[in-house]
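These notes concern the structure reproduced below.
Each reported figure results from applying straightforward, stated rules to the coordinates on display, with no laboratory input. Just so it is clear, the structure is predicted and the values come from calculations on it, not from any experiment. Glycine also receives a Cβ, built like all others from the backbone with ideal geometry; neighbour counts cover every protein chain displayed.
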Amino acid sequence: MQFHDHHHQQYLYGGSTGPFLPHHHGFIHADEDHPCTGKGVQELPEQATAGIAGQMEEMSPGGDVAVPVEDRKDAAVRVEGEEAEEEDAHGMRMIALLMECAVAMSVGNLADSNAALLELSQMASPYAPSCGERLVAYFARAMAARMMSSWVGICTPLQLAPPACAAIHAAFRAFYNVAPFARSAYLACNQAILEAFRGKRLVHVIDLDVVPGGALQWLSLLPALAARPGDPPVLRVTGFGVSSSALHDAGNQIAGLASKLGIPFEFYAVAKRPGDVVDVVTDLPSRRPGETVAVHWLRHALYDAAGDDDVTMRLVRWMEPKVMTLVEQERGPAGGDGGQFLDRFVSALHHYSALFDALGAARPADEDASRHLVENGVLGREIGNVLAVAGPARSGRERFGSWQEELARNGFLRAGGGGRAQLLAGVCPAALGYTVTDDHGGTVRLGWKGTPLYAVSTWTWCAPPHARA
């Protein structure tokens, strides 16, 4: 065992715990759940009726007639209905203010943006029981960060300190446990990698960003490799990442399990982004003759994990993988990170509305610590980066409009995902609101109530004819 270190369905929220659009959830009042028509109810005996009437007409100490029980129930129903209407009005007002703020910010009207944000700061809290209110709180925070940078004249973001990788990993692990999206994506990718490694002796997994999930994905892959017929393969894992400590932690965890399973194992840590690689000969391990390569990339908006897209594409082509697994968020062109601000805002609002709703359904308790960790450490961080940092004017670079289209243009072919959707359907039950769709072209989409949230696609390198000769 060796360890090396090389330097549409749309969601907009109201004040209730679910979306307020009528085609998602209508409010059901008590009298609708249990209509009382009087039909089929047997009449009470006269003596019993008289006794009940006597109890209901007892005089209060002040001489007033007591309120009948049925009247009190009707009053309670009316109060509940009024509270629901107030919550709806509150949610509609928050969304309207958020939209006004985004429109004003898109045309540089910082005064109106500030006025809307001041009002939103009094209306929305990330600790509220309503999913919609928590969503608005994080959007307002991201918009405030963007407005402040615009107000002081910062056109591009300052060089940020390296992300707090330990905190990001803890939040992502909570996301992995709370919702099935990351687990399902890992399962689909590992299935494709196992198929590519079938019958191969020397296998090499290259993870283009280890930091968020750490060793989570590969700890579930190793037992499957060890259980295959014959001797286990000789496994090499190369991990890219912006944190040396995160890479070493992941390498140590994988090495420990590989030792227990009897899998010959090597780990190479590359403490940089794939788009920052200048010389593949010095930065990456030399390729072994007969080695089968699998490349994995979980794309996210927690931080800029790739660097230059063109350099990353050249690196992936140089690797000539037998399979490449790509996990992307369904947030529009360039993963929702490119184009005009208002387009990014609307795409992000629909995407994260569905995610907040899914998390709220999975962990409905008002003060669920794991859900709050995910909302603050994963979703809130991504919302901030998408709205306050993303875009060529602020990031300083153009992003690919679609990585799937670029892969197709650069010599990659889609690898069929036969049966993968059925496999994931057990992890994302439709009865709970999750959706799994397969385009039968190598892409499986994971979603919530019909809104696609993540796309998992598989690819294979197809060398040009002159390279195969």
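Descriptive notes on the structure:
- Gain upon complete extension [R198, K272; 0.36 nm per residue less C-alpha separation]: 23.6 nm
- Counted by Cβ distance under 13 Å from D209, the other residues give a net charge of -1, where Lys and Arg count +1 and Asp and Glu count -1.
- Under 5 Å, built H, 5+ apart or other chain: amide partners of V205: R236, V237, T238, A294
- Modelled spin labels at N252 and V234, positioned 7 Å past Cα toward Cβ, are 2.7 nm from each other.
- Taking the number of Cβ atoms within 10 Å of each Cβ as an exposure proxy, the fewest-first ranking of R399, R228, R134 is R228, R399, R134.
- The simple spin-label model puts a point 7 Å past each Cα toward its Cβ; for D368 and S150 those points are separated by 3.4 nm.
- FRET efficiency, V103 to L413 (Cβ-Cβ, R0 35 Å, nearest 0.05): 0.25
- Between segment 82-141 and segment 180-245, the alpha-carbon centres lie 42 Å apart.
- Sum of side-chain charges, A124 neighbourhood, beta-carbon under 12 Å (Lys, Arg +1; Asp, Glu -1): +1
- 12 Å beta-carbon shell around D368, net charge (K/R +1, D/E -1): 0
- For segment 219-230, 3J(HN,Hα) per residue [Karplus equation, 6.51 cos²θ - 1.76 cosθ + 1.60, θ = phi - 60°, Hz, x = Gly/Pro]: 5, 8, 7, 4, x, 5, 5, 5, 8, 6, x, x
- Listed by Cβ neighbour count within 10 Å, with the fewest neighbours leading, D366, D343 appear as D366, D343.
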